[in-house]
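Beneath this line is the structure, given in structure tokens, with notes to follow.
The values are calculated or read from the model by the stated rules, or taken from the named source; none is laboratory data. Values in this document were obtained by computation on a predicted structure and should not be read as measured data. We place every Cβ from the backbone using ideal geometry, glycine too, and count neighbours over all the protein chains shown.
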Amino acid sequence: MNTEWNLDSVHEDRFATPQDVADWLAARALLELGTQLDGADLERVRDVRRGLRELLFANNGAAPDQAIIQRLNEALTGASVFVRLDPSSPPDFTTVRRDLSGALGILATVAALAQLDGRWPRLKACRGVKCGWTFYDHSRNGSANWCSMSVCGARAKARDYRRRRKSEA
């Protein structure tokens, strides 16, 4: 989910082209090396990324945009993931084919497992203006709001301070 960011109003996206997505997924052994993707595949991946990030904003107190969640679930249609069980090792989640549907299915499975095992609420998207960086909340009580207290947290506190000073004047 941190393949796109907009901190300091400089929009950067590691998934600028279908080839960028194919390379990223292949480097993580989620897609066959050399697989060709097209513009529709790129938008499908971006819908998954936006949808997962929307769920993480919800973990940080924002109201989720149901249209984005719907596009996430539509993009995951056709994902074929199954479990291999073995008495001597943990379950292995795998796909029938190492194609885009399988790759997205594995990513969704990771999110589903985090929801089931209790780690999910600590996965959040930063509340920082124009940030959205996703992070794991390591705070004791699970109340972290920003990816970095020294950047986004400091900016938010400075804005609040200026707003209070202005209203006092």
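One residue stands out among those in region 3-57 that are polar (S, T, N, Q) and in a helix (DSSP H, G or I): the one that is surrounded by the fewest Cβ atoms within 10 Å (Cβ to Cβ), which is S9.
Among the residues of region 76-120, those identified as in contact (Cβ under 8 Å) with a residue 40 or more places away in the chain and of a type in the set (A, V, I, L, M, F, W, C) are L100, A103, L104, I106, L107, A108, A111, W120. Restricting region 39-73 to residues that are free of Cβ contacts under 8 Å to residues at least 24 places away in the same chain and among the polar types (S, T, N, Q), the residue that is nearest to A125 (Cα to Cα) is Q66.
Which residue is modelled with the lowest pLDDT, if the candidates are limited to region 116-154 and must be outside any loop (DSSP other than H, G, I, E, B) and of a type in the set (S, T, N, Q)? Across region 116-154, the extreme among qualifying residues is S150. Filtering region 67-110 to residues that are assigned to a helix (DSSP H, G or I), more than 19 Å from L42 (Cβ to Cβ) and in contact with a strand residue (DSSP E or B) (Cβ under 7 Å, 6 or more places away or on another chain) leaves only T109.
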